[in-house]
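Engineer: The structure is given below, and queries will be raised subsequently.
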């Protein structure tokens with residue numbers, strides 16, 4: 001009964017694949033050998049005759065593996081049939097290619113058992129695709145070549161860190177290996193990838209395990225900014241609600257940000273606190289599109305071999321107008337580092353270990369209103385010394401503890417130069433001095449014990465003062481007879497030239513620019529940096 005069953009199966013296969021009959025039948029007892037039979041069809045369902053069919057062990061490495069034996073290569077007959085005999089038991093992959101039609105097919109997980117014949121489901125040829133991998137972001141690539149296991153598809157890594165795999169069968173792949181002679185092979189696909197027929201699949205940061213889309217929403221439902229904004233530093237806040245810190249390195253060195261076309265974005269980690277699971281990161285985006293709810297960037301993490309790429313100078317580029325940026329995130333009574341390449345670092349005076357407090361974007365600094373401030377040494381004659389009727393902007397998040405008819409200064413170049421302050425008339429104010437015209441001032445009503453985002457803009461003879469992204473006033477008030485004096489270093493938290501005007505409260509994200517940002521820029525800063533960020537949405 002068993003013999004009859006075996007012969008019945010053989011006869012059925014012989015009818016389908018008569019050209020393989022001599023190979024599939026064994027010795028005098030009629031026993032079968034281990035074999036594989038299958039059929040290849042073209043895209044139009046016609047038999048794919050003359051198609052070269054290769055059999056590979058599932059884990060085959062085309063670079064370090066032995067050459068395929070001749071018995072592992074067959075050519076489909078006129079009916080599209082192929083077969084392999086005397087195959088050891090195990091798991092195999094079948095790669096079929098037709099050079100005339102430039103098409104291919106891949107059949108995976110073909111299992112062969114002892115004394116049995118495996119019939120492979122019919123495969124259909126499709127146009128070949130290709131895969132482009134960018135490994136340039138990994139400074140410690142532990143590999144020399146990339147290959148698709150169970151195929152003859154491989155490519156070396158070029159000097160730029162790129163890999164281009166060609167003649168790849170269309171379909172879904174779950175494994176692509178990075179290898180060399182001295183390391184254990186590593187699967188560099190964090191997810192499955194679909195190779196399109198006749199097109200190229202691009203894999204961004206393949207060595208990074210995790211990724212997440214971030215939407216930059218400027219529509220009415222988001223930041224509500226109508227115009228495009230260029231070269232903008234986007235604040236990304238990470239916490240337990242949107243990020244798994246255990247998947248990233250303890251210092252965040254493996255964090256990366258990429259555009260939809262695969263270009264890496266410059267970023268700066270202001271704070272990475274893996275213990276308390278919070279971080280603030282600034283990412284420079286070339287263009288933030290106005291009134292748009294579909295623009296995205298992608299955040300990647302999960303690569304222990306990555307090298308820290310945080311670079312504040314690239315995010316807050318002096319060529320783009322950033323002349324001084326102080327996050328105020330340092331420990332109490334320590335240097336307030338300038339994030340720009342100017343390095344106008346602030347020397348603390350009478351700050352203390354309790355000066356560092358929670359702010360709007362990470363940590364901030366608390367000033368005692370009596371003697372604490374920062375001096376930006378060497379700025380008396382520097383890029384922070386703007387000409388009369390010049391172009392600049394002063395901004396900061398401010399929190400005042402008192403409104404007491406006494407001046408309290410946020411940013412000061414001296415009483416006879418530019419200043420952003422709470423005036424002795426109990427008003428937010430930006431003022432500057434122009435010889436012949438005198439003191440020119442813009443002011444508006446302040447807020448007590450509440451975080452506010454102030455931006456004072458000077459653009460030639462025009463001045464504007466914004467509070468929380470809204471222009472409050474642009475009408476100059478002029479006091480005649482005051483002469484300009486630019487001889488003093490800029491100070492944060494006090495009027496520069498005297499023992500007067502100490503800030504009483506907190507300051508965060510202090511910034512001085514040599515350009516006059518427009519209303520959309522200023523509003524986007526506020527909408528993005530406020531605690532309930534209206535710009536960034538985690539998908």
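The values are calculated or read from the model by the stated rules, or taken from the named source; none is laboratory data. For clarity, every value in this text was computed on a predicted model and none was experimentally measured. Note that each Cβ is placed from the backbone with ideal geometry, even for glycine, and that neighbours are counted across all protein chains shown.
Engineer: Yes or no: segment 242-256 includes at least one residue that is over 29 Å from residue 515 (Cα atoms) and in contact with a helix residue (DSSP H, G or I) (Cβ under 7 Å, 6 or more places away or on another chain).
Structural biologist: Among the residues of segment 242-256, not one is over 29 Å from residue 515 (Cα atoms) and in contact with a helix residue (DSSP H, G or I) (Cβ under 7 Å, 6 or more places away or on another chain), which makes the answer no.
Engineer: Search segment 172-198 for residues being part of a strand (DSSP E or B) and under 18 Å from residue 60 (Cβ atoms), and hand back the single one that is modelled with the lowest pLDDT.
Structural biologist: Across segment 172-198, the extreme among qualifying residues is 186.
Engineer: Considering only segment 95-105, state which residues are in a loop (DSSP other than H, G, I, E, B) and more than 39 Å from the chain's Cα centre (by Cα).
Structural biologist: 99, 100, 101
Engineer: With the structure loaded, tell me whether residue 358 is surrounded by fewer than 18 Cβ atoms within 10 Å (Cβ to Cβ) and outside the structural domain of residue 494 (by TED's automatic domain parsing) or whether it fails that test.
Structural biologist: In short, no.
Engineer: Then there is this: Output the number of the condition that residue 219 fails; it satisfies all remaining conditions of (1) part of a strand (DSSP E or B); (2) on the phi < 0 side of the Ramachandran plot; (3) surrounded by fewer than 22 Cβ atoms within 10 Å (Cβ to Cβ).
Structural biologist: (1)
Engineer: Determine whether residue 237 is buried (at least 19 other Cβ atoms within 10 Å of the Cβ), in contact (Cβ under 8 Å) with a residue 60 or more places away in the chain and more than 20 Å from residue 532 (Cα to Cα).
Structural biologist: no
Engineer: Keeping to segment 106-138, report how many residues are farther than 19 Å from residue 87 by Cβ and either part of a strand (DSSP E or B) or more than 40 Å from the chain's Cα centre (by Cα) (or both). Steps first, answer last, please.
Structural biologist: From segment 106-138, those farther than 19 Å from residue 87 by Cβ are 122, 124-138; that's our starting set.
If we keep only those that are either part of a strand (DSSP E or B) or more than 40 Å from the chain's Cα centre (by Cα) (or both) too, we end up with 122, 124, 126-127, 129-134.
Residues meeting the conditions: 10.
Engineer: Let me ask something else. Going residue by residue through segment 283-301, is there one that turns out to be free of Cβ contacts under 8 Å to residues at least 40 places away in the same chain and surrounded by fewer than 20 Cβ atoms within 10 Å (Cβ to Cβ)?
Structural biologist: No: segment 283-301 contains no residue that is free of Cβ contacts under 8 Å to residues at least 40 places away in the same chain and surrounded by fewer than 20 Cβ atoms within 10 Å (Cβ to Cβ).
Engineer: Please verify whether residue 391 is over 27 Å from residue 359 (Cβ atoms), within 35 Å of the chain's Cα centre (by Cα) and in the same structural domain as residue 376 (by TED's automatic domain parsing), treating the condition exactly as stated.
Structural biologist: Against the criterion (over 27 Å from residue 359 (Cβ atoms), within 35 Å of the chain's Cα centre (by Cα) and in the same structural domain as residue 376 (by TED's automatic domain parsing)), residue 391 qualifies.
Engineer: Restricting segment 57-75 to residues that are exposed (fewer than 13 other Cβ atoms within 10 Å of the Cβ) and free of Cβ contacts under 8 Å to residues at least 12 places away in the same chain, which is farthest from the chain's Cα centre (by Cα)?
Structural biologist: Residue satisfying both the conditions and the ranking: 70.
Engineer: Separate question: I want to confirm something. Restricting to segment 125-146 and keeping residues that are surrounded by fewer than 18 Cβ atoms within 10 Å (Cβ to Cβ) and over 23 Å from residue 59 (Cα atoms), which single residue is modelled with the highest pLDDT?
Structural biologist: My answer is 127.
Engineer: Okay, next question. Looking at segment 382-391, which of the residues that are touching a residue at least 40 places away in the same chain (Cβ under 8 Å) and surrounded by fewer than 22 Cβ atoms within 10 Å (Cβ to Cβ) is nearest to residue 484 (Cα to Cα)?
Structural biologist: Taking segment 382-391 first, the residues touching a residue at least 40 places away in the same chain (Cβ under 8 Å) are 382-386, 388-391.
Retained after the next criterion (residues that are surrounded by fewer than 22 Cβ atoms within 10 Å (Cβ to Cβ)): 382-383, 385-386, 388-391.
Numbers: 382: 16, 383: 17, 385: 12, 386: 12, 388: 8, 389: 11, 390: 13, 391: 16 Å.
In this case the residue turns out to be 388.
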